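Here's the structure we're looking at; comments come further down.
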Amino acid sequence: MKYGLICYNYLENVGNEIQSIAARRFLPQIDYHVDFNNLASFKADEEFKMIMNAWYLHDKKSWPPIDENINPLLISMHLNTNNTNTPEAFLSDESREFLSKYGPVGARDPLTQEFLQSNGIDSYFSGCLTLTLKGEENVEKEDYIVLVDVSQDVLEFVKSKTDKQIYVVSQALPTNLNKRKLDDLYFYLEDRIYNSQEKFFYGECLLNLYQRARCVITKRLHVALPCLALETPVLLINDDIINGEIRFSGFKDWLNFITLDEYKSNYNIFDVNNPPENKKDYLKYRKNLISTVKEFTGHESPSFNTFDYNKFSALFLSKLNTYLNETNQYVFSLENKIKELENHINAQNELINQMENSNSWKLTKPLRNIRNR
């Protein structure tokens, strides 16, 4: 059997890759990286299985999959019904046939479940597959705090409450570099500066950072839920969460989910110096998700990591050392070149001085003045 994994070649929000990292842990190998925006046009050479946990949908042309070789697991799916493309795509005859054939649909949130059921599509609340993430064994918590995509007000408030190291990170990679600009309507299709493998790597780095943290504060769903899975105390600040009622429905009772004003008025809810343990309500959904996906693929990796960080660190330091040596050699060669140019300039200046002090130069001065006029 072959296996496919959803990847994202057009978005910089690494929360998408984190969802796929969760799915990847249950795949014995990856034979196809399937670009999410090309789901409807992708075709494989033979039958393959694919876990279809994702946020749907930007472009209605990317749904439903048409490849007869696909054997999908419809689980942890969120439908963005605020986008008119989504209902139109998912309620088409082709989509209904696909969902009926491979359903019932595991909805990531109750509102997605309600939408599907109200339109005659069999569905149940599965929760998010990121709840199944599993990090390295025997990792000790370190004495730092991570803030992910929160406001400056949150940062200043936390800084006023602790002397611990605070790392401020973003789950969205920077996009303000040189790339082709498109019309605002198609901003998500702009040429990007990161490929999917680079984003997978960044996602793993973030998850390792979260696992080792004393606690995490964020506004991101795919920071908060992985922190539950990795048993890292997490606080969700919901001041500027987009589509919070839809995307966070079903999860709010599992999390410390408050506004910044509520946090300021009752800091003991989440003391970053001594953060409370996470609630355990999610555990039964985690167990069911693991059971369902493992039954589908017959595989479960012991960790989401795909490489040895100790070996990586040694390799990184080796490459850094090589780079520094090459840089030093380049700088040294530039210094030698500068010295050569300085010697040449000094020699030229000496010739000019000799010329200006010569009798011929003095005798021809009147002629030069005539020429200059």
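Just so it is clear, none of the values below were taken in a lab; they were calculated from the coordinates. Keep in mind the model is a prediction, meaning the values are calculated, not measured. Glycine also receives a Cβ, built like all others from the backbone with ideal geometry; neighbour counts cover every protein chain displayed.
Points worth noting:
- Residues whose amide H lies under 5 Å from that of Lys2, counting only those 5 or more places away or on a different chain, are Lys49; hydrogens are built 1.01 Å from N in the peptide plane.
- Between Ala172 and Glu350, the C-beta separation translates, for a Förster distance of 51 Å, into a calculated FRET efficiency of about 0.25.
- Pair Leu91, Asp143: separation of 7 Å Cα→Cβ label points (nm): 5.8 nm
- Computed extension length for Lys101-Ser151: 13.5 nm, one decimal, from 0.36 nm per residue of separation with the Cα-Cα distance subtracted.
- Amide hydrogen neighbours beyond the local backbone of Asn53, cut-off 5 Å, H modeled: Ile75
- Neighbourhood net charge (13 Å Cβ-Cβ; Lys/Arg +1, Asp/Glu -1) for Tyr285: +3
- Over all other residues within a Cβ to Cβ distance under 9 Å of Phe200, the charged ones net out to -1, with Lys and Arg as +1 and Asp and Glu as -1.
- Structure note, pairs Lys141/Lys279; Lys49/Lys101; Lys164/Lys264; Lys134/Lys159; Lys134/Lys199; Lys134/Lys280: Cα-Cα distances above 24 angstrom occur for Lys134/Lys159.
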